[in-house]
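Novice: After the structure tokens below, expect a handful of questions from me.
Where a number appears in this text, it was derived from the coordinates with a stated rule and is not lab data. Computed from a predicted model, the values in this text were never measured in an experiment. Here the Cβ positions follow ideal geometry from the backbone for every residue, glycine too, while neighbour counts run over all protein chains shown.
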Amino acid sequence: MAKAVQKIKLSPSRDIPFNKLVLAQSNVRRTKAGISIEDLAEDIARRSLLQSLSVRPISDAEGQETGMFEVPAGGRRYRALELLVKQKRLAKTAPVPCIVSDSTEITAEEDSLAENVHRVALHPLDQFRAFQALREQGRSEEDIAAIFFVSVNVVKQRLRLAAVSPKLLDVYADDGMSLEQLMAFSVTAEHARQEQVWESVNKSGYDEPYQIRRLLTERAVRASDKRARFVGLAAYEAAGGVISSKRMAAAGSRMSLCSNVSSPTSCGWKQRPSAPKAGSGSRSPPPFPTVTTTGSVGSKACRPI
């Protein structure tokens, strides 16, 4: 006869008044990391407490429970709640959701260490998808940054991944490339070209981000070029030209205008017609160039990313 499997019993949860809680000395987190206690307090004030505190009953010298509880896991949340109480934004008797552990086999230090060690940071790809969902709901980049205590540049960087081929996003999700490599592909929205370049650099081994950007913008022309200045950004975009930009390490913003226009003359590029070759009909015009710029051109500023 098979032996019955012993069922796991989870620790009970209950609401405990804040003034019955004290921070345990066994809490292993001592070094500041992540968002500040002040920011965490603001987040709790905005959306309430998302994760319960892990607590243990405090007993007196005779082993009798005192009605007080120590907090070995959840110290930052406790400090944030404490700050809200000090600011008189939270009542000191406010009920706090807690998981109560009375295990004698597992120490409070183990609970504190396990909560921190077993935590997994959100993958940048998941962060991008979450930010994108918020943008689709009408949130601005500034709003998203303020809500999650990150810089606007971080939000913009993540949202740039919307321009990257889903196939390359899958490669990144499977640890096939670094975030820096993935971001390099966002200089263009042409998925087929992105996939072609990735296949090339992946086979050759020359897959540094700068190499990826170079291959994707090898037909670029600076906006300071007389042809780009002659046409102007507005005319270029009106004719179907696509503007993409990338951040340069030392030169601020740099913008490339990538062509999707079939004819160079349709965008206003002044071109001297070539004489047809004998017996071969008219001569095809050369490919429409691409343009890059630093700073702003005319009244239109470069879009930093």
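Novice: Give me 68, 177 sorted ascending by neighbouring Cβ count inside 10 Å, so fewest comes first.
Specialist: Details: 68 15, 177 20.
Ascending Cβ contact count within 10 Å gives the list 68, 177.
Novice: Okay, moving on. Using a ≥ b ≥ c from the Cα gyration tensor of region 13-117 (square roots of the eigenvalues), is it rounded, prolate or oblate, where a/c under 1.5 gives rounded and otherwise the larger of a/b and b/c decides, a/b for prolate? Numbers along the way, then the final one.
Specialist: Working: a/c = 2.05, a/b = 1.33, b/c = 1.54.
Oblate, since a/c reaches 1.5 and b/c is not below a/b.
Novice: Let me ask something else about it. Net charge within 11 Å of residue 178 by Cβ-Cβ distance, Lys/Arg positive one each and Asp/Glu negative one each, not counting residue 178 itself? Intermediate results must be reported in sequence, preceding the final value.
Specialist: Details: positive: none; negative: 175, 180, 207, 208.
The answer is -4.
Novice: Assuming R0 = 45 Å, what is the FRET efficiency of residue 51 and residue 193, from their Cβ-Cβ distance, to the nearest 0.05? Don't jump to the answer; show the numbers that get you there.
Specialist: Numbers: r = 44 Å, r/R0 = 0.98.
With a Förster radius of 45 Å, E is 0.55.
Novice: Would you mind counting up the charge near residue 59? Only other residues with Cβ under 11 Å from its Cβ, with Lys and Arg at +1 and Asp and Glu at -1. List each step's numbers first, then the result.
Specialist: Working: positive: 56; negative: 60, 62, 65, 70, 102.
For residues surrounding residue 59, the net value is -4.
Novice: Quote the FRET efficiency, to the nearest 0.05, computed for residue 105 versus residue 23 with a Förster distance R0 of 35 Å and r equal to the Cβ-Cβ distance.
Specialist: Efficiency, from the Cβ-Cβ distance: 0.90.
Novice: Oh, and also: Full extension from residue 143 to residue 66: what is 0.36 nm times the residue separation minus their Cα-Cα distance, to one decimal in nm?
Specialist: Values: separation 77, 0.36 × 77 = 27.72 nm, distance 4.53 nm.
That pair, residue 143 and residue 66, stretches by 23.2 nm at full extension.
Novice: If you bin every alpha carbon distance in region 86-215 into 10 Å steps from zero, what whole percent lands in each bin?
Specialist: Computed distribution, short to long bins: 10, 28, 23, 19, 12, 7, 1.
Novice: OK, next. Can you tell me, using C-alpha contacts under 8 Å and at least 6 residues apart, the relative contact order of region 13-117 as a whole percent?
Specialist: Working: 156 pairs, mean separation 45.6, N = 105.
Over region 13-117, the number comes to 43 percent.
Novice: Let me ask something else about it. For the residues 54, 186, what sequence is obtained by ranking on other C-beta atoms within 10 Å, fewest first?
Specialist: On the way: 54 25, 186 22.
Ordered from fewest to most neighbouring Cβ atoms within 10 Å, 54, 186 come out as 186, 54.
Novice: Under 17 Å from the 7 Å Cα→Cβ point of residue 150, by amide nitrogen: which residues of region 178-221?
Specialist: Residues 178-184, 186 fall inside that zone.
Novice: Among 28, 150, 231, what is the fewest-to-most ranking by other Cβ atoms within 10 Å? Please report the intermediate quantities before stating the final value.
Specialist: Working: 28 19, 150 16, 231 22.
So the ranking, lowest neighbour count to highest, is 150, 28, 231.
Novice: Would you mind getting me the FRET efficiency between residue 118 and residue 30? Use the beta-carbon distance for r and R0 = 22 Å, nearest 0.05. Don't jump to the answer; show the numbers that get you there.
Specialist: Details: r = 18 Å, r/R0 = 0.84.
With a Förster radius of 22 Å, E is 0.75.
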